[in-house]
Every structure is written in structure tokens, then in C-alpha cells.
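A quick write-up on the structure given underneath.
The values are calculated or read from the model by the stated rules, or taken from the named source; none is laboratory data. Fair warning: this is a prediction, and the values are worked out from it, not measured in the lab. Glycine gets a Cβ as well: all are built from the backbone with ideal geometry, and neighbour counts include every protein chain shown. For the accessible areas, the whole protein counts, side chains as well, though only heavy atoms, and no ligand, DNA or RNA atoms are used. Shrake-Rupley method; radii C 1.70, N 1.55, O 1.52, S 1.80 Å.
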Amino acid sequence: MKFTLIRYSDVKEFGGSTQGLLMSEQGFFCHTLEDEGRDVKVKGETRIPAGLYELKIRKEETPLTIKHRQTYGAWFRFHLEITNVQGFSGIYIHAGNTEGHTDGCLLLGEIQGNNTIGAASLQNSIAAVKRFYAITYPLIESGNKIFLEVRDKI
């Protein structure tokens, strides 16, 4: 199975953010928010480069994992990680509402604000992440591969 992230807006102002659309094989899935694109990577402040990546379950008990389990309940066990990103590690798909929540990761949301007139934001992020995990997690656990193709259209 493959998901495609199509980035459509990259703004350097207001903290810097990139907006996108996450598409499943059936069509539109949800909105996305990432850090801005940069020529030189700044840890926790730079989005991953365009490319094709595999998603995996990162079965590691990190403080963030424990925090998310306490916050989200039974549906969250471990993070889904975007793997094999050259120069990046620990790139998760998770919930968050603003660029400040990304730390280089990919945020999902049901509703997207406009990052050209103020700081970008997502709404109903937990619902989007829960829906994404409900589809991808069981497939990965049963041995299927899930890929994320990231495209820059900006």
C-alpha cells in the first residue's frame, strides 16, 4: 500500500511551515503540516526531502511514546516512523496543531488553516492520526509494507 504526500505551500514567515495533502490509493485522506524546506538541515526545524519512504512501527519506549499512550488511550501503542530518510532519524507521523509541534515530523489533520496569512494550523489532528493508524498499523503488523511518497509541488 502506498500513500502520497503532495506539498502545496511552503512559507518561511510565521515560524516556517509546509502544508500538504495526504492521498491514499482511494483519494484524499487528510491534510498535513510539516516544518519548512531548507537548503541546509536544521535539526527539528526542517521537513524531510521529497522521496519514497517505508513506514514502520517504532517499537521503542520513549518518553513521547509513553506520553501519547497516556493521552490517546488504547489505540496508540507505538509511533509510526518514516524510515530511511537520509540525514534524518525519529521522523514520526503524529498529531499536532502547529508548526511548533512538528519537530521535523509529519502532522496529520482533518482541517487546514492558511499559512500565507498567519501561522499554519491543523484541526482535528488526533482524529486524522487515529484513522491513519487504524488503517496502517494492522497492515504493518501482519507483514505488509506501507510506503509514503513525498512530492514537492511548490
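Based on the Kirkwood radius over alpha-carbon pairs, what value in µm²/s does the Stokes-Einstein equation return for the translational diffusion coefficient of region 73-124 at 10 °C and 1.306 mPa s? D = 128 µm²/s. The modelled label-to-label distance between Arg69 and Arg131, using points 7 Å beyond Cα along the C-beta direction, is 2.7 nm.
So, in nm, how far is label Ser142 from label Glu45 when the simple model puts each one 7 Å beyond its Cα toward the Cβ? Rounded to a tenth, the inter-label distance reads 4.4 nm. Taking Cα atoms only, the orientation of helix 125-141 departs from the longest principal axis of the chain by about 50 degrees. Values of log10 I(q)/I(0) for region 85-154 across q = 0.15, 0.21 Å⁻¹ run -0.60, -1.07, by the Debye formula with one identical scatterer at each alpha carbon and no solvent.
For the pair Thr62 and Gln26, what calculated FRET efficiency results from E = 1/(1 + (r/R0)^6), where r is the Cβ-Cβ distance and R0 = 30 Å, to the nearest 0.05? Don't jump to the answer; show the numbers that get you there.
On the way: r = 32 Å, r/R0 = 1.07.
The pair Gln26/Thr62 has a calculated efficiency of 0.40.
Note on P(r) over Cα pairs in 10 Å bins from 0, in percent: of the candidates (i) 9, 34, 35, 19, 3, 0; (ii) 11, 44, 37, 7, 0; (iii) 10, 36, 36, 13, 4, 0, the value calculated from this structure sits at (ii). Here's how it looks for Ile91: its modeled amide H is under 5 Å from those of Ile82, which are all 5 or more places away or on a different chain.
Taking only protein heavy atoms into account and a 1.4 Å probe, give the accessible area per residue of the chain in Å². Intermediate results must be reported in sequence, preceding the final value.
Values: 7630 Å² over 154 residues.
Value for the chain: 50 Å² per residue.
Ordering Glu60, Glu25, Glu81 by accessible surface, largest first, gives Glu25, Glu60, Glu81; the 1.4 Å probe counts only protein heavy atoms, with every chain in place.
At a 1.4 Å probe radius, carbon and sulfur cover how many percent of the accessible area of region 1-91? Show your work: numbers first, answer last.
Values: 2480 of 4730 Å².
The C+S portion of the solvent-accessible surface of region 1-91 is 52 percent.
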